Structures are given as structure tokens and as C-alpha cells.
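The values are calculated or read from the model by the stated rules, or taken from the named source; none is laboratory data. Keep in mind the model is a prediction, meaning the values are calculated, not measured. Glycine gets a Cβ as well: all are built from the backbone with ideal geometry, and neighbour counts include every protein chain shown.
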Amino acid sequence: MQAQSRVLVIGMDSADRALLAQWAGEGRLPVIASLIERSGVGLLKSPPALGDDAAWASFATSLSPGRHGRYYHKHLEPGSYRTPWFRDHHFAHAPFWQTLSDAGHRVGVLDVPKCPLGRIRHGFQIADWLVHGRDGETRSVPEPLAADILHRFGDDDTDRPGSSEYICGLPSLSHETQRVFMKRLLAGLQQKREAASELLARGGWDLFLVVFKESHCVQHHFWHLLDESHPAHDPHLIERLGNPILRVFHELDRAIGALIEQSGPDTKGIVFSDLGMTANYTADHLLDEALLRMEPDFPAMLRGLYRDGVRIEEKMRSRLLPQSERSFLRGMRRAYQVDHNEISGAIRINLAGREPSGRVLPGAERDALCKELAADLMELVDPDSGERAVDRVVVTDDAFPGERRDHLPDLFAVWRRDRPITGLASSKIGEVRVNTPEYRPGNHIENGFFVSFGCGEDTSHRATEASIQDIGPTIAALLGGALPDVDGEPIPGIV
């Protein structure tokens, strides 16, 4: 196969495929509409039950989460109860663009979220500039490039954790902050478009890859405007802001068209999103209490003391014992909740030989507990509606085998998303209700979309479904090569 001179790949972070299809069909997104008309649109499958951290890590490495080990922005350490933040050095596998660079291809990579900074021999990479949920400070290869980009185009002013500029991470926005947020989102999109255009114009590249974050952030905060059944739906806000999600998607459509046109007629490429979005209905805040009530040997009279003790112990661990591997209270349980995106409740088995105070034996005892918990979770209902609260339970051993499987939770309870969940109830746990924390109106659902361009007009054999792990191998094939030891494969009909 002859290598192509150029491959352009553009990501739209968490852009919901149903919205894209609707607005493209209505003529509101003419560039996306033209790509769909020429190549058809495909469903891009993301790791089941998981959010953007796992999806982007699978994109970057072309591996399942059981092999790359990233399921969230925190991670689990076997042999410990600690959950430190996931950083570049926790990746055991290089991103696919490093492999392509090592093979002699000149690559340009701008702002792929939740991924490591590669060792780039030919080209450049900029990480954590205008992304949702930075892993660290803006950095680059070569190193001076990040400072130059920040100096000439400016820093992120909606998404810097730990600063006053982390508007996207807020659970809700005042009317004034909504206007500021939209103004800054659109300005940031323009910043990214101009920087990408300038870097693209330098030429000499074989692969140019850029991801835009704005679709992610705007859907988190304004999803309720599109959903008339949402409790926070405000029909007057669209009058004030002019449908914020459509405005951002329209500007993204323009940016994509400009970059494709600039890249030249001989360029082949892919436009894709990693995930979708819908109303942020979840029972994450109820799960650990439900799990506690599923413990057969935990007296009901001690639950209140346990909950108070957990809060005290967590404060002590964060302030006095940050490196402690032990947790006296977690060690009392068979299973407990660990941090995760609200898309699904993440559950860790307190496994002997893996956790410092493990109570459950590996093998048959662990398997039996997983089966028991999965059945108990599927029996949970919302006490107000009587409807099932859990859509399905994903078991890590089945879904994500691999050498880093123990860095992931053991079970994921995927919440139903068609209505708010007001409580949890079953014959085993009784009824659980707690004050609902404030969540952003929109949150992730599985699966994104992909379209291609410049890859031939015969779409009769083009895949209508692929995995996000397949994008990297597809790019490598377009460049005349292959990626070794990955889980993905080239998408039929694009190569």
C-alpha cells in the first residue's frame, strides 16, 4: 500500500451524534452534512460504562481499558486504598502518534485530552492547552512550543482546574456566568482554530490531529435547554443566549470546513466524536449507602457511625497520611464505591492479596460476590416511580481483560438516564434517600460518531460501526503502515 502524503483527523469532544445528525439533516451544519452525504456516518463505540477519560485513553493507545489502565482521572493502585490522579507516567503504552513518529512520519498533534505527551522525533505535540479536564500544565514537544502558543494565543479561561477559570467544572452557572461562559467558549474555539491553521500551514506533515473541546463543555451546562422534560428546562434562556449548543456546533462545523479546505484536495481524513451526551440523571450519590446495606454482617445500628467515620478518615488521609495505603473502615467491607463519572457507579471488591485489608478471596468467592452484587444492583428501583434504576451492570473481568485490569473497578452500575432518580429501593436494602448534590445538566453516554473524507466514493463496503480503538490503526494504514500489539484494527472502507 502506498503511503499518503497527508492525513487530517479532527475530534469533536463528546459531540452527541443524534444532535449532529439532526442539525446536519436540517442544513444547520453544512460541512458535517456534506461529509455524511459523501461517506456515510458510522457509530463509534466507546468502552462500555465508561466516560471520557477511558474513551480518550483508548483512542490514544488503541487499547482496551484493561490494557491501558485508565478509567477516570483518578486511578486505583493495587496494594493500596489510595486513588491518586492519573498522570502521564501511569500510562504503560505510548500513544499511536509516537509509534508513527518513530517510523519516520512527521506528525502534528494538538490537544488530544486525557493522553500522555509522546516522544516525538518528527513533528510536534501540544497537550493540555484548550481541553476539558487537564491532566497538568500545558506542555509540548518540542518544549518551547507550548510557551510560544500560550504567549501568542492565550491560555484557557474556562477549564483550568484549581483556578478561578474553571467554569466548565462548576455544577451550575448564574445567568451572568452563562453569558461569560459562552463568550469565552466561542473565543477559545477561535483560538484553537487559528493555532491549528497556523501549525497546519507550516507543512511537511503526514498526520495532523486536533481535538476541539467546546462541544463537551457546552453540552454539560446547557443540555437542559434541549430537553423539555428536564427539571431545569428554561425556555427563556434560549431567547437570551440563542441555543448555546447549536451556536458552538455551528462554529465547530465552520472550523472543520476551514481546516479540511486548507489541508488540500489530496488529504484523507476522519472527523469523529468520542462519546455522546444526555441528561445527567444518576444515583451515584446513593450507591455507597446501598452497597453498605448489602453487607450481610454490617449491623444497621453502626451505619451512621460508619458514615461519620469515613468522612473523618478521609480528612485524616488527605491531610495527615496522604501516602497511606490502608483504610481501616474500607477494610471492614466486602465492596465499596470508588470515584467515577456519573455515567455509572464504580464498585471495588475488597480483594485479599490486592487490597491491604482484603476480605474476599480471589477466584470462586470473588466471582460469586460479583454475581450477587450484579443481581442486587439490577433489583434497585426508584421508590417514587417504581422503575428500575440500573440499566445494566458491566463486569470488568468480562468487558476489560488485560494486564492492567486490576487498576480498574470490578463492577460498573450503568444508570438509567430517561428520568431523574430520586432514591434507591429493594427488598434487601429497604429505601435509600439522601440529599441530591448539584450536578451539571448534561453528562456522557456511550458511543460517538465518525465520518471520513478523501477516502474514495464507494461506500458500499464502508463500515457503519467501529471502535474508538480503531482510529489509530486506520490512520496508520492510511500512511501505509500498521500499529503493533493493539486491540483496534483499520476501519473497512476507509482504507
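Some notes on this structure:
- Test for Leu63: is it farther than 18 Å from Ala127 by Cα and not in a loop (DSSP other than H, G, I, E, B): no
- Taking region 181-276 as the region of interest, the helices (runs of 4 or more DSSP H) fully inside it that hold 3 or more residues being of a type in the set (A, V, I, L, M, F, W, C) and either within 22 Å of the chain's Cα centre (by Cα) or within 26 Å of Gly51 (Cβ to Cβ) (or both) are 214-222, 244-263.
- Look at region 474-489: where a residue is within 22 Å of Pro65 (Cβ to Cβ) and outside the structural domain of Ser64 (by TED's automatic domain parsing), no partner that is among the hydroxyl-bearing types (Ser, Thr, Tyr) and surrounded by fewer than 20 Cβ atoms within 10 Å (Cβ to Cβ) sits 6+ places away or on another chain with Cβ atoms under 8 Å.
- If you go through region 230-268 and pick out every residue that is free of Cβ contacts under 8 Å to residues at least 40 places away in the same chain and closer than 17 Å to Leu19 by Cβ, you end up with 4.
- The set of residues in region 127-168 being in contact with an Asp or Glu (Cβ under 9 Å, 6 or more places away or on another chain), part of a helix (DSSP H, G or I), crowded, with 21+ Cβ neighbours inside 10 Å and at pLDDT 90 or above consists of Ala146 alone.
A quick yes/no check of all residues on (1) buried (at least 24 other Cβ atoms within 10 Å of the Cβ); (2) over 15 Å from the mean Cα position of the chain (by Cα); (3) not polar (S, T, N, Q):
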residue	(1), (2), (3)
Gly40	no, yes, yes
His73	no, no, yes
His93	no, yes, yes
Trp97	yes, yes, yes
Arg106	no, yes, yes
Arg119	no, yes, yes
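- Some residue of region 95-102 being closer than 24 Å to Val414 by Cβ and outside any loop (DSSP other than H, G, I, E, B): no
- Test: residue in region 228-247 that is crowded, with 16+ Cβ neighbours inside 10 Å, in the same structural domain as Glu194 (by TED's automatic domain parsing) and polar (S, T, N, Q): yes
- Within region 333-344, considering residues that are in a strand (DSSP E or B) and more than 15 Å from the chain's Cα centre (by Cα), the one nearest to Tyr72 (Cα to Cα): Val338
- Candidate set: region 347-376, residues that are among the basic types (Lys, Arg) and either touching a Cys at 6+ places or on another chain (Cβ under 8 Å) or not in a loop (DSSP other than H, G, I, E, B) (or both); chosen: the one nearest to His407 (Cα to Cα): Arg348
- Every residue from region 470-490 that is under 25 Å from the mean Cα position of the chain (by Cα) and buried (at least 24 other Cβ atoms within 10 Å of the Cβ): Asp470, Ile471, Gly472, Thr474, Ile475, Ala476
- Of all residues assigned to region 169-180, none qualifies as being in the same structural domain as Ala94 (by TED's automatic domain parsing), among the acidic types (Asp, Glu) and in a loop (DSSP other than H, G, I, E, B).
- Just so you know, in region 363-398 the residues that are small (Gly, Ala, Ser) and either in contact with a strand residue (DSSP E or B) (Cβ under 8 Å, 6 or more places away or on another chain) or not assigned by TED's automatic domain parsing to the domain that holds Thr422 (or both) include one that is surrounded by the fewest Cβ atoms within 10 Å (Cβ to Cβ), and it is Ala374.
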